[in-house]
Amino acid sequence: MNNRRNIYFYVLKDEAIQTKLENVYELARRYDFNIVQSPKDANIIVSVGGDGTFLQAVRKTGFRQDCLYAGISTGGTLSMYCDFHIDDTSKMIDAMTKEQIEVRKYPTIEVTVDGQTSFHCLNEFSIRSGIIKTFVMDVFIDDIHFETFRGDGMIIATPTGSTAYNKSVSGAVVDPMIPCLQVSEMASLNNNRYRTLGSSFILSDKRRLELRIVQDGNDYPAMGMDNEALSIQHVEKVEARLSEKVIKTVKLKDNSFWEKVKRSFL
């Protein structure tokens with residue numbers, strides 16, 4: 001981090017943490033970091049909040065490839081994307097002075113809607129029925145028809161996102177060192193007419209997933225990119241693949257992904 005000295009803090013408005021933030025700002029200045037007011041001028045972007053704030057920080061700053069992202073938790077415990085706690089300044093000092101950090105590269109998903117609107121997701125992309133009615137989609141993998149899905153919707157998750165929404169629908173937790181995306185069903189309906197795999201499946205970074213929406217009045221689906229909603233009418237086709245764009249995050253040497261999983265769920 002010696003050649004990265006410009007820090008931008010992404011902070012949601014919360015008067016309760018402003019006093020604590022002053023201590024963090026003072027710590028950064030003491031160790032010769034420059035606090036900048038625009039993310040365009042930063043080569044380190046720090047979110048202050050929780051995992052949701054971290055996801056917003058990455059999205060609002062444009063999935064920067066030329067900077068490091070770090071998360072400072074303000075909750076009771078650390079989280080999947082937050083390696084530091086706002087009350088534990090000693091760990092921040094150790095990271096800045098004793099080179100106790102590593103850089104971890106997290107993959108993202110590139111999603112394209114109807115061949116036009118394109119965006120990235122760090123955690124997951126979700127698509128669900130927009131009305132009180134089951135959702136029908138033809139699922140293609142590399143242009144080969146795989147199944148016809150009928151149910152509430154689907155989640156397409158990165159390895160780091162596998163511990164979030166994906167896990168809540170019984171998807172697998174995937175090591176982020178494996179470049180892949182995971183597809184998980186939400187309440188699929190299986191009968192003589194519709195038949196799906198009935199479990200999550202994992203696609204390599206070389207695969208392309210395509211969802212073709214059956215136009216039966218449900219062509220205005222509810223779509224989510226990480227923790228934000230996407231509103232597009234008359235959706236016919238969604239394509240997803242693992243992007244070449246990665247997010248570089250600060251990771252403590254004693255705080256691996258699997259240590260975070262253990263701390264969060266076991």
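The values are calculated or read from the model by the stated rules, or taken from the named source; none is laboratory data. Predicted model, so just to flag it, every value in this text is computed and none were measured. Glycine gets a Cβ as well: all are built from the backbone with ideal geometry, and neighbour counts include every protein chain shown. Just the protein is used for accessible areas: all its heavy atoms, side chains included, with ligands, DNA and RNA removed. Shrake-Rupley method; radii C 1.70, N 1.55, O 1.52, S 1.80 Å.
Could you tell me whether region 10-95 comes out rounded, prolate or oblate from its Cα gyration tensor? Rule is a ≥ b ≥ c as square roots of the eigenvalues, rounded for a/c under 1.5, then prolate if a/b exceeds b/c, otherwise oblate.
Taking the square roots of the gyration eigenvalues as a ≥ b ≥ c, region 10-95 is rounded.
For region 71-132, run through the GluC sites (Glu not before Pro) and keep only the ones in DSSP coil with at most 13 other Cβ atoms within 10 Å of their Cβ.
Passing sites in region 71-132 are 99.
Which links in 91/260; 60/245; 167/248; 206/237; 105/253 stretch past 18 Å when you go from one Cα to the other? Before the final figure, lay out each step's value.
Details: 91/260 16 Å; 60/245 16 Å; 167/248 23 Å; 206/237 20 Å; 105/253 14 Å.
Checking Cα-Cα distances, 167/248; 206/237 exceed 18 Å.
For residue 103 and residue 236, what does the FRET efficiency come to when R0 = 51 Å and r is the distance between their Cβ atoms, rounded to the nearest 0.05?
Taking R0 as 51 Å, the efficiency between residue 103 and residue 236 is 0.80.
Once a ≥ b ≥ c are taken as the square roots of the eigenvalues of the Cα gyration tensor of region 1-58, is the result rounded (a/c under 1.5), prolate (a/b larger than b/c) or oblate (a/b not larger than b/c)?
Details: a/c = 2.12, a/b = 1.24, b/c = 1.71.
The shape class here is oblate.
What trypsin sites (Lys or Arg not before Pro) in region 78-119 are in a loop by DSSP, with at most 12 other Cβ atoms within 10 Å of the Cβ?
Sites meeting the loop and neighbour criteria: 98.
So if I place +1 on the C-beta of Lys and Arg and -1 on the C-beta of Asp and Glu, and nothing else carries charge, what would the dipole magnitude of region 83-205 be about its Cα centre? I want it in debye, nearest 20.
The dipole of region 83-205 has a size of about 500 debye.
Give the accessible surface of the chain per residue, rounded to a whole number of Å², with probe radius 1.4 Å and ligands, DNA and RNA excluded.
Value for the chain: 49 Å² per residue.
How much of the accessible area of region 81-133, in percent, comes from carbon and sulfur atoms when a 1.4 Å probe is used?
On the way: 1090 of 2470 Å².
The nonpolar share, carbon plus sulfur, comes to 44 percent.
With semi-axes √(5λ) of the Cα gyration tensor in Å as the read-out, I listed (i) 38, 18, 16; (ii) 39, 30, 14; (iii) 29, 23, 16; which label goes with the value calculated from this structure?
Calculated semi-axes √(5λ) of the Cα gyration tensor in Å: the matching label is (i).
With +1 on each Lys and Arg Cβ and -1 on each Asp and Glu Cβ, and nothing else charged, work out how big the dipole of the chain is about its Cα centre, in Debye to the nearest 20.
320
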